[in-house]
1. Do we find a residue being out of contact with any strand residue (DSSP E or B) (no Cβ under 8 Å at 6 or more places or on another chain), of a type outside the set (A, V, I, L, M), in a loop (DSSP other than H, G, I, E, B) and modelled with pLDDT under 85 anywhere in the range 115-128?
2. Please note which helices (runs of 4 or more DSSP H) are completely contained in the range 1-94 and include at least 3 residues that are charged (D, E, K, R) and over 21 Å from the mean Cα position of the chain (by Cα).
3. Please give the number of the condition TYR34 fails out of (1) surrounded by 10 or more Cβ atoms within 10 Å (Cβ to Cβ); (2) under 20 Å from VAL107 (Cβ atoms); (3) at pLDDT below 80.
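The values are calculated or read from the model by the stated rules, or taken from the named source; none is laboratory data. Just so it is clear, the structure is predicted and the values come from calculations on it, not from any experiment. Here Cβ is always computed from backbone atoms with ideal geometry, including for glycine, and neighbour counts include all displayed protein chains.
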Amino acid sequence: MMATKAEKAAYARQWYRTEHGRAVVKLYKASARYLAVRKRHRDTHQKEIREYAWKVQGLTGATWEKYLACLEQQGGGCAICGRPPGKNALHWDHDHSTKRLRGLLCVTCNRMLGFLENPGWAIQATLYIKIWAGA
């Protein structure tokens with residue numbers, strides 16, 4: 001008698017809960033073969049992965065073609081500092097209230113812009129620096 005899909009899934013969950021099962025999975029995920037498969041998948045499906053992430057974030061109108069066009073329009077780098085994308089792609093900068101796309105930013109500029117958009121934080125940070133500058 002063949003096991004059903006649900007029975008196979010239950011068996012897999014039970015096996016994984018054992019110490020041996022977790023050790024085997026941990027070893028596999030650390031193996032060069034697993035890492036190579038992940039990298040090949042990521043390289044092959046980069047467009048789909050990014051568009052899915054943008055969809056989850058709710059960024060309307062964010063497509064791979066629009067990303068590439070924006071990157072070219074910005075001279076191939078971050079809209080603020082001009083740094084080209086390195087290991088990670090540039091991030092879509094967007095207005096959080098309207099979800100309107102503004103441009104592509106590197107991780108550093110994107111984080112700093114997030115802080116600067118909060119005027120209260122910017123004022124407090126400026127006061128903090130002034131206090132320690134006079135000490």
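1. Checked against the condition, which is being out of contact with any strand residue (DSSP E or B) (no Cβ under 8 Å at 6 or more places or on another chain), of a type outside the set (A, V, I, L, M), in a loop (DSSP other than H, G, I, E, B) and modelled with pLDDT under 85, the range 115-128 yields at least one hit.
2. Per the criteria, 5-17, 19-30.
3. (2)
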